[in-house]
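Have a look at the structure below before the remarks.
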Amino acid sequence: MPNNVHVAGVGMIPFTKPGKSASYSEMGEQAARAALTDAGIDYSLVQQAYVGYVYGDSTSGQAALYGLGQTGIPVINVNNNCSTGSSALWLARQAVQAGIVDCALALGFEQMVPGALSSVYTDRPGPMARQEAARDAILGADDQSPMAAQFFGGAGQAYVDEFGIDPAVFAEISVKARKHAANNPNAVFRDLVTAEQVLASPTIYGPLTRLQCCPPTCGAAAAVVCSPAFARKHGLSTEIVIRAQSLVTDTPATFESGDLRKVVGYDMAVNAANAVYEAAGIGPEDVPVVELHDCFTTNEFLTYEALGLTPTGTAEKFIKDGDNTYGGRVVTNPSGGLLSKGHPLGATGLAQCAELVWQLRGQAGARQAEGATLGLQHNLGLGGACVVTLFQKVDAR
């Protein structure tokens, strides 16, 4: 993939608990405006916009962007479950790389309600029926436990069963998330916790306790992407490029393997990451900072191995050696991740993008991963889709 798409600007607003945010349209407008200001351009120069959200009526993207102006451009609304924000970025990047437009905006937002995720429509088949059938065949049907916790708690337990690790190690991921989030003014949960506190919080499912599950969150984030020619014409920074990017969906193994880790997207992460590494001509050992999809501690744990950050069967040692944080092999989720920054579904992928752009620019303040010139992003949506993106710092203009 040629390095011909620049991330000219990023923006996000502080994430909040449900009931404490502005409306989705206000949040979206604020984040888009922040990205345009960061890029140094007016909305009138944007030629296409891709707007992601999961819970909202059709054309909510227009409702958010019309606050910036009614310029008549195409606005495409995107819903790809929890990978929605990165899917919007994938579409914007693809449009620029293909030469269809010179400048595109990717925006994601979510106005959520308290409590575990649930289906909105009960009068029709659910889009995750195949995944749920595969899960129930492995775990047995459970109408009482939260749906997502069953998937990811069961996947974590499958790893415990295979490798014989102490599931208490999952709690260390929550401890790390809070330490990182303490330095992020955009994060919801910034208070430190101990492993003992994490383990003592109420059990949700399998090895998962409440403090190992990401919270429902409201928020918004955005990115402006453009071609080199557009950047030169308008005097924009060309410091950050999308070096490689891959969006993949499920394969038959998801449903036929009898392995809940595959049901929750392990293979998708492997396939997307390998495609990115091959396209960029690098390996996971070359990546110093990663924002990955830690909707539950168990998924962060599994994703260490899926992305190749540590060999299969070694994620426990990876954590105990401190290789997942500052001073170790790779800084994972310097933002605090979904666990502590929060997880407004449509915004998450673009918030990850913003964090990595700030990291590569050296603008991350106290959470800065020193000297990083590559940043890897992993954003997962059950149902399913997985987006992996590699950002690179290059010589500016």
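Observations
- Relative to the longest principal axis of the Cα atoms of the chain, helix 169-181 runs at roughly 30 degrees.
- Peptides ranked, highest mean first, by Cβ atoms within 10 Å: ranges 288-297, 386-395, 82-91: 82-91, 288-297, 386-395
- The C-alpha atoms of the chain define a longest principal axis, and helix 345-361 lies at about 70 degrees to it.
- Solution diffusion estimate, µm²/s, Stokes-Einstein, the chain, Kirkwood Rh from C-alpha pairs, 25 °C, viscosity 0.890 mPa s: 119
- Positive-end ranking of VAL225, LEU247, HIS343 along the dipole of the chain, with charges on Cβ about the Cα centre, is headed by VAL225.
- Cα long-axis angle, helix 266-280 against the chain (0 to 90 degrees, to the nearest 10): 40
- Rolling a 1.4 Å probe over the protein heavy atoms gives the chain an accessible area of 38 Å² per residue.
- The percentage of C-alpha pairs in the stretch 350-397 whose separation is greater than 15 Å is 48%.
- Between ALA168 and ILE138, the modelled labels are 2.6 nm apart [label points 7 Å from Cα along Cα→Cβ].
- Pairwise centroid distance, computed over Cα atoms, of the stretch 95-111 with the stretch 4-21, Å: 15
- The DSSP beta bridges internal to the chain are antiparallel in roughly 70% of cases.
- Magnitude of the charge dipole, the stretch 270-351, Cβ model with Lys/Arg +1 and Asp/Glu -1, debye to 20: 180
- The local environment of VAL263, defined by Cβ-Cβ distances under 11 Å, has a net charge of -2 under the rule Lys, Arg +1 and Asp, Glu -1.
- Pairwise FRET efficiency - THR194 versus HIS234, Cβ, R0 = 56 Å, nearest 0.05: 0.70
- Options ALA279, TYR43, THR194, ranked by Cα towards positive dipole end of the chain, top entry (Cβ charges): TYR43
- Carbon/sulfur fraction of accessible area - the chain, other protein chains in place, 1.4 Å, %: 49
- Mean-square fluctuations from a GNM of the chain, with a 10 angstrom spring cutoff on Cα atoms, peak among PRO252, PRO284, PRO114 at PRO252.
- Ordering of 153-165, 56-68, 263-275 by burial proxy (mean other Cβ atoms within 10 Å per residue, highest first): 263-275, 153-165, 56-68
- Farthest towards the positive end of the charge dipole of the stretch 286-367, among the residues VAL357, VAL289, TYR304, is the Cα of VAL357, using unit charges on the Cβ of Lys, Arg, Asp and Glu.
- Potential extension, VAL394-VAL113 segment - 0.36 nm per residue separation minus Cα distance: 97.1 nm
- Distance from the alpha carbon centroid of the stretch 136-150 to that of the stretch 26-68 works out to 37 angstrom.
- Most to least packed among 320-331, 205-216 [average Cβ atoms within 10 Å]: 205-216, 320-331
- For the residues ARG124, ARG243, ARG261, a GNM of the chain with alpha-carbon springs under 10 Å puts the largest fluctuation on ARG124.
- For the stretch 300-339, the Cβ-based charge dipole about the Cα centre amounts to some 60 debye (Lys, Arg positive; Asp, Glu negative; other atoms uncharged).
- For the stretch 199-258 versus the stretch 342-370, the gap between their alpha-carbon centres in whole angstrom: 11
- Between ILE100 and THR312, the modelled labels are 3.7 nm apart [label points 7 Å from Cα along Cα→Cβ].
- When the C-alpha to C-alpha distance is required to be over 31 Å, the pairs from LYS17/LYS176; LYS20/LYS320; LYS341/LYS393; LYS20/LYS317 that qualify are LYS20/LYS320; LYS20/LYS317.
- The stretch 169-324 shape via C-alpha gyration tensor axes, a/c threshold 1.5: oblate
- Computed magnitude of the charge dipole of the chain (debye, nearest 20; Cβ of K, R +1, Cβ of D, E -1): 1000
The values are calculated or read from the model by the stated rules, or taken from the named source; none is laboratory data. This is a predicted model, so every value here is computed, not measured. Don't worry about glycine lacking a Cβ; one is built from the backbone with ideal geometry, like all the others, and counts go over all protein chains shown. Each accessible area value is taken on the protein alone, full model and side chains, heavy atoms only, with ligands, DNA and RNA left out. Shrake-Rupley method; radii C 1.70, N 1.55, O 1.52, S 1.80 Å.
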